[in-house]
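Engineer: Have a look at this one before I ask anything.
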């Protein structure tokens, strides 16, 4: 009751000013002239109405388009006048006049119908709105308009963009507008000269948008003719049966151009034969004999002679037709001069892109190499220096990574947790390494094959223990926020900070290794013990202790490598075994017992793998396969690795 | 010493009584299992367990090969399970092709027109390679239609790979652990290659349905499993005799000498590389044959079976069984693989420690790894070493060695008279 009264009151008080709408304002007249199209509104027919509004030059047109797009335009079902409105509640509207934006009043929505443009129409409206937005006082709106143009450029945008250029004040937006204007000129420029000039202005530009603008100009259509026409817009001549034009496609082209009889597919031929089976025979041929393609061809030919089916081309005819015609590409994207300019610009760009890609690939390879180096550096100590084959080395890497994961469970701050995890991982794997050396390896120093087997046993056990504790799913080891993102050099060359961090870490490890081995007493003693344990022992060095510490040091470095690798890849119980073969390969290829060899080995393996991946980007498995094969072959030629030890060190 | 003074060679069987004992045990076992089986006997042993036993015999055969190459020749190959898998793939290709062909021919027989060869071939290819999104036969399937050719491939493919790889490796004098790592790399490369979908062997789907023999759908699996069991037992018996014969003669002495001191054998004028190559290739062929018998019983083969870890387990079996003695390899493979089946099959009772329950499905691998370390450290002779406890109680057979320090002391021939 109360609500009814309120509505009544609203009607009484507000219906009166509704008549004050300016029905003769220019914008309203324009809308009326397009009224049918607007109210009917389908994506196919709406174009002229939107164009009329957009090109009217009326200041209110932008408001109309805006409101229309937002589904706030309503039409008075009685008078046919358009207004825009806000819904006050379910059945009351607050309506405004388009002409001056003045409030007309609040009315019940019975007499009004809302215009509901579908998404296609809203898209068209959005395109039309761009020209208004380009000169909008708000820079954010102008940026949005430029975004819209980049997403879907249209011919009309070019003029709008040019018109807005002199008024632009923001230098950043101005630069963007100018670039966009040149891009649009390539596509829609009025004269060829203008387009060529725009194309040439992009010489060597690496932007993806430039290539996207140039590529459509090079669009071709494959055509066939008896003889090659002398037109200027002819591209290359295609040979049927080549990679660019298969024999079937070439003939289909002739058929489509009515230059040859159609062929029949095996399917259709079979269906045609089946349709004409009579008394177990097709055209007098026993069905049972139709068990080869030749027999079926003959039966079909017989049917064609009877006139039951249409004749088709035989293979000989196909060959003859193909031989009699020449196939070529015709440029359809642009006039020939523009095409040639675009081709030249694109070639220059592609060359530059290739160089940059090469650079990017090298960065990738370098980062892969540093990962391999990290994984292998511990081995370079235990295997390279001590000669112990530790197949559980990969599991030390895994232990380090899991240590990092556990630390992150307790310390939520990623930066701090990594700083804690690195020494802790070293400590954990150092302890594990020392324990393993004391319990197992010490007894097997003169039996390398059995060291390999025993450490395999440990590796299997450690992997399974990790699986039992942490489960089989991958655990995350999250890098600190400041390592997110990547260093972008240009559109093609970029490298993530985490890879840079790993690279730096690898260099640090190299320095640490060199320092420990060459500048500390431990290193001196290690070198002495590995060269001649008995002589070292008589000099007062305890070889047992040195061996234990060296093995622990190598294992500890593997633990830190585990943290780094865990940041880069997921932590699983199998992550160690993923790296173990490659790590051994790295050490063996580089040359056992020499850290520079390991560095070279890792670099070679990393570059090799990326290089192979570049040839076959979709398939990293193949890259690994070929890399291993390559290494097997490499060892044939340099069995002692890239840097072979000479003299006494080699005999030790 | 004149020829007459040399001891007369005894028959092979008497010189190596262990061969006879082994063959007798194997025969008894085979007959026993047959009697207890479902297919031909009283049905105490289920068909699936017959398959497990048959598979175990195949594993014993490949362990035998491993023992020959590692225990006798000193080459710790981590690639023999790859050869095993290649043998399985070779026979699997025929099994899968022939079976799919029958299915396709049946489905096409209902069509109005008799099928053309192209239609049949396309149908089979679509059936087999549909899972990897292809419908064409890769070139390596060119011989898959022919059983004799694929059987030849069982021998030739692993043999050829071993020959080429071995030639490259031995020629450049890669020995010891380096060779092990190199063979492991080869195995890894092979399994990574097979994991690719475009390797032509159905990527990680592998080959499946191998337990069904083409054209023998009427024969129940109980019978088929026994056939394979017999074939495996026969292969193991023959393989054992072959290996025993190889290691018994001069050839065997040379390869043992290579194991113990390769450089010295080389200086004595033996072509060490050739000996190693022969053993490496021969054992690869044996492994291939074992694989060809194994996978029809397993029913499925995929690249994971070729991964390096499988070859490592093979070395584990041989080490636990006792390397350097043929029966050791067989005992090790049989014991460890059957115990593994028992533990990982969930049949072993869990141990409740109050705070933590040890579930053997999870902890068996840990136990295996650690016991492997223990065997390496404390019992290099493995389980086979237990047999020495018996044989050492008997007086040693000196094989014509001098019985005393004096030149004129009695020689063996006289002593044995």
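Read-outs: derived from the displayed coordinates by stated rules, not from any lab. Computed from a predicted model, the values in this text were never measured in an experiment. In this analysis, Cβ positions are derived from the backbone assuming ideal geometry, glycine residues included, and neighbour counts consider all displayed protein chains.
Engineer: Please compute P(r) over all alpha-carbon pairs of chain B, binned at 10 Å starting from zero, and give each bin as a whole-number percent.
Structural biologist: Going from the shortest bin to the longest, the percentages are 4, 19, 27, 24, 15, 7, 3, 1, 0, 0.
Engineer: Taking a quarter of the surface of the Cα convex hull of chain A, what do you get in nm²?
Structural biologist: Mean orientational projected area (chain A, Cα hull): 52.2 nm².
Engineer: Treating the Cα atoms of region A:347-410 as identical point scatterers in vacuum, please give the log10 of the normalised Debye intensity I(q)/I(0) at q = 0.11, 0.27 Å⁻¹, two decimals.
Structural biologist: With no solvent term, the Cα-only Debye profile gives -0.48, -1.05.
Engineer: Determine how many Å³ per residue the convex hull of the Cα atoms of region B:17-139 encloses.
Structural biologist: That works out to 183 Å³ per residue.
Engineer: Multiply the residue gap between residue A:620 and residue A:165 by 0.36 nm, knock off their C-alpha separation, and tell me the result in nm, one decimal place.
Structural biologist: Length gained, residue A:620 through residue A:165: 158.9 nm.
Engineer: Here is a further query. Please state the Cα pair-distance histogram of region A:356-651 with 5 angstrom bins from zero: what percent is in each bin?
Structural biologist: 1, 6, 11, 16, 18, 17, 14, 9, 5, 2, 1, 0, 0
Engineer: Could you please state, rounded to a whole Å, how far the C-alpha centre of region A:553-620 is from the C-alpha centre of region A:287-334?
Structural biologist: 57
Engineer: Next question. If I histogram all Cα-Cα distances within region B:254-296 using bins 10 Å wide from 0, what percent of pairs lands in each bin?
Structural biologist: P(r) over region B:254-296, rounded to whole percents: 28, 36, 21, 13, 2.
Engineer: Would you please report the Å³ per residue occupied by the convex hull of the alpha carbon atoms in region A:220-331?
Structural biologist: 104
Engineer: So if I average 1/r over every pair of distinct C-alpha atoms in region A:184-279 and take the inverse, what Kirkwood radius in Å does that give?
Structural biologist: Taking every pair of different Cα atoms in region A:184-279, averaging 1/r and inverting gives 17.7 Å.
Engineer: What FRET efficiency comes out for residue B:103 versus residue A:445 if R0 is 60 angstrom and r is the Cβ-Cβ distance? Round to the nearest 0.05.
Structural biologist: Efficiency for this residue pair is about 0.50.
Engineer: So if R0 is 51 Å, what FRET efficiency would residue B:120 and residue A:574 give, r being the distance between their Cβ atoms, rounded to the nearest 0.05?
Structural biologist: Once the sixth-power term is evaluated, E becomes 0.75.
Engineer: Another question, then. Which angle between 0 and 90 degrees, to the nearest 10, do you get for helix B:360-378 versus the longest principal axis of chain B when only C-alpha atoms count?
Structural biologist: Tilt relative to chain B: about 30 degrees.
Engineer: Describe numerically, in nm with one decimal, the distance between label points set 7 Å from Cα along Cα→Cβ at residue A:78 and at residue A:410.
Structural biologist: Using points 7 Å along Cα→Cβ, the separation is 8.0 nm.
Engineer: Sticking with this one: Once the principal axes of the Cα atoms of region A:134-218 are found, what is the range along each, listed largest first in whole angstroms?
Structural biologist: For region A:134-218, the Cα extents along the three principal axes come out at 38, 25, 21 Å.
Engineer: Same structure, new question: By how many nm would the segment from residue A:596 to residue A:154 lengthen if fully extended, with 0.36 nm per residue of separation less the alpha-carbon distance?
Structural biologist: 153.2 nm
Engineer: Averaging the inverse of every distinct alpha carbon separation and then flipping it gives the Kirkwood radius. What is it for region A:66-170, in angstrom units?
Structural biologist: Hydrodynamic radius (Kirkwood, Cα pairs) of region A:66-170 is 15.5 Å.
Engineer: I've got another one for you. Shielding of A:460-471 by partners, i.e. mean partner chain Cβ atoms within 10 Å per residue?
Structural biologist: For peptide A:460-471, the averaged partner shielding equals 4.
Engineer: Based on alpha-carbon positions alone, could you give the equivalent ellipsoid semi-axes of region A:346-463 from the gyration tensor, as √(5λ), descending, whole Å?
Structural biologist: Equivalent ellipsoid of region A:346-463: 37, 23, 11 Å, largest first.
Engineer: Looking only at other chains, what is the average number of their beta-carbon atoms within 10 angstrom of each beta-carbon in A:444-452?
Structural biologist: 4
Engineer: Moving to a separate point now. With the crude spin-label approximation of a point 7 Å out along Cα→Cβ, what separation in nm comes out for residue B:152 versus residue A:491?
Structural biologist: Going from the residue B:152 label point to the residue A:491 one covers 5.7 nm.
Engineer: Gaussian network model of chain B, Cα springs within a sub-10 Å range: biggest mean-square fluctuation belongs to which of B:14, B:161, B:194?
Structural biologist: Evaluated over chain B, the most mobile residue of the options is B:14.
Engineer: Further question on the same structure: Please work out the Cα center distance from region A:406-456 to region A:345-378, rounded to the nearest Å.
Structural biologist: Distance between centres, Cα-based: 33 Å.
Engineer: Starting from the 7 Å offset along Cα-to-Cβ, what nm value, one decimal, do you get for the label separation of residue B:245 and residue A:24?
Structural biologist: Placing both labels 7 Å beyond Cα along the Cβ direction yields 12.1 nm.
Engineer: For chain B, modelled as a GNM with alpha-carbon contacts under 10 angstrom, which of B:103, B:309, B:279 fluctuates the most?
Structural biologist: Taking springs between Cα atoms under 10 Å, the residue moving most is B:103.
Engineer: On a C-alpha basis, how far is the centre of region B:22-94 from the centre of region B:309-387 in Å? Whole number, if you could?
Structural biologist: Here the answer is 17 Å between Cα centres.
Engineer: By how many degrees, between 0 and 90 and to the nearest 10, does the Cα long axis of helix B:272-298 differ from the longest principal axis of chain B?
Structural biologist: Once rounded, the angle reads 40 degrees.
Engineer: So if I take the alpha carbon set of region B:203-355, get Rg, then get Rh from the Kirkwood formula, what is the Rg over Rh ratio?
Structural biologist: A ratio of 1.06.
Engineer: Using the beta-carbon distance between residue B:36 and residue B:353 and R0 = 35 Å, what value does 1/(1 + (r/R0)^6) give for FRET efficiency, to the nearest 0.05?
Structural biologist: After rounding, the FRET efficiency stands at 0.40.
Engineer: Across peptide B:190-199, how many C-beta atoms of other chains are within 10 Å of each residue C-beta, on average?
Structural biologist: Per residue, the number of nearby Cβ atoms from other chains is 4 on average.
Engineer: Shifting gears a bit: Mind pulling the angle between the C-alpha long axis of helix A:247-256 and the longest principal axis of chain A? Nearest 10 degrees, somewhere in 0 to 90.
Structural biologist: Long axis of A:247-256 versus the principal axis of chain A: about 0 degrees.
Engineer: Moving to a separate point now. Find how much the distance from residue A:538 to residue A:39 grows on full extension, using 0.36 nm per residue of separation minus their present alpha carbon separation; answer in nm with one decimal.
Structural biologist: Taking residue A:538 through residue A:39 to full extension adds about 169.2 nm, to one decimal.
Engineer: Moving to a separate point now. Kindly rank A:435-447, B:17-29 from highest to lowest mean number of other beta carbons found within 10 Å of each residue.
Structural biologist: Ranking the peptides A:435-447, B:17-29 by packing returns A:435-447, B:17-29.
Engineer: Rounded to the nearest 500 deg cm²/dmol, what is the calculated helix-only ellipticity per residue at 222 nm for chain A, with -39500 (n - 2.57) per DSSP H run of length n ≥ 4?
Structural biologist: -20000 deg cm²/dmol
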